Amino acid sequence: MARASGGESVLSKHLRVLGTFEAAVPFLTLTEISDRAGLAPSTAHRIVAELEHEGLLERLPDRTYRLGIRLWELACRTPGALGLRELARPYLQAVHARVRQHIQLAVLSGTEVLFLDRLSVRDAVVNATLIGGRIPVHASSSGLVMLAHAGPAVLEEVLSKPMHRFTPHTITTERELRAMLRRVRADGWAVTDGHIHEESRGIAVPVYGAHNDVIAAIGLVVPNDDVPVLGHIELLSHAAREISVALRAAYLPTGHPSATPGGRFRPLVNSSLKSMEYLESISVSRGA
């Protein structure tokens, strides 16, 4: 891979430019991109022009830029994220219909939680998550569930950095974190009362993948009150089991020891069975 004179790869600089855009800052001028990316104006101008040419950035009439629609197109082909999201959506909807607060689907990304999906109602309690947004793993119930089943290297990386305190209840010390992870492993779920916002309670359970490893978490954000959590945990646990069954059916080929009978890989999981069979037949004929 080509590298600039400073040792940074060309790809890294392109990704740094794309990373300047945030949910709260979706439109940026060229000068703002240059400043936020820490690049010389001439370098930023060249990279932005290349990204615009490829459809990864779009220039608006007021001369600001936004992320391009091609990024969404490429992301939709990612079975590890959107395939999981589409498989999980019916089960998230079922829980949401019962609870009527926030339910969300998350994966572990480094030392952060990346949220793939979320269902909410307008009068629900405070929730800091966005679809495509991130939260430090130590502060989130979903993050704690996944961290409890991650390798020791991930935990050591979390402990090597200061843990941000959102409220007086946020875990911020190694002793607190290790104790919480032991509890999560023993219980099979995580409950965080007021760790990100004092009015909110997070409840999460793990989602096991086709090979029986924890690949995600589903969680609720509900009012931090005296309502017992076991009912919510039972709803989430049932949904997580159903998602795991769907993952095995979709991603393990027929004949695999752990495959669901009749299951086989289907890259398009958010359509009807007849539609998927039709699209598969088209793919076969095109390949032939």
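What follows draws every value from the coordinates through simple rules; no lab data is involved. Since we're looking at a predicted model, the values are computed, not measured. Note that we place each Cβ from the backbone using ideal geometry, even for glycine, and neighbour counts take in every protein chain shown.
Considering the Cα positions of segment 79-251, please state its Rg to one decimal place and its Dmax as a whole number of Å.
In order Rg, Dmax, the Cα atoms of segment 79-251 give 14.8, 43 Å.
Which value results when the Cα radius of gyration for segment 55-142 is divided by 2.2 N^0.38 Å?
That works out to 1.28 for segment 55-142.
Distance in nm between label sites at GLU52 and ALA40, each 7 Å beyond Cα in the beta-carbon direction?
Result: 2.1 nm between the two label points.
Mind ranking 157-169, 135-147, 45-57 by how tightly packed they are, going by the mean number of other C-beta atoms within 10 angstrom, highest first?
Highest mean packing first, the order is 135-147, 45-57, 157-169.
If you take every residue apart from ARG182 with its C-beta less than 13 Å away from the C-beta of ARG182, what net charge results, scoring Lys and Arg +1 and Asp and Glu -1?
+1
Can you list residues from other chains, or at least 5 along the same chain, whose modelled amide H is less than 5 Å from the amide H of SER200?
Under 5 Å from the amide H of SER200 lie the amide H atoms of GLY194, ASN224, each far enough along the sequence or on another chain.
Can you give the FRET efficiency for ASN212 and SER237, using 1/(1 + (r/R0)^6), R0 = 25 Å, r = Cβ-Cβ distance, to the nearest 0.05?
0.95
At a Förster radius of 30 Å, what calculated FRET efficiency corresponds to the Cβ-Cβ distance of SER160 and SER281, to the nearest 0.05?
Result of the calculation: an efficiency of 0.05.
What FRET efficiency comes out for the pair ASP187/ASP123, r = Cβ-Cβ distance, R0 = 35 Å, nearest 0.05?
0.70
Near ALA23, within a Cβ-to-Cβ distance under 14 Å, what is the net charge of the other residues, with Lys and Arg +1 and Asp and Glu -1?
Net local charge, ALA23 excluded: +2.
Report the gain in length on full extension from ARG100 to THR173: 0.36 nm times residue separation, minus Cα-Cα distance, nm rounded to one decimal.
Here the segment from ARG100 to THR173 would lengthen by 22.9 nm.
If each residue's Cβ is checked for other Cβ atoms within 10 Å, how do LEU105, LEU18 rank with the fewest at the top?
Listing LEU105, LEU18 from fewest to most nearby Cβ atoms yields LEU18, LEU105.
What is the pair-distance distribution P(r) of segment 10-74, computed from all Cα-Cα distances in 5 Å bins starting at 0, with each bin given as a whole percent?
4, 19, 34, 29, 12, 2
Length gain on complete extension for the stretch GLU8 to LYS274, per 0.36 nm per residue less the alpha carbon to alpha carbon distance?
My answer for the length gained is 90.9 nm.
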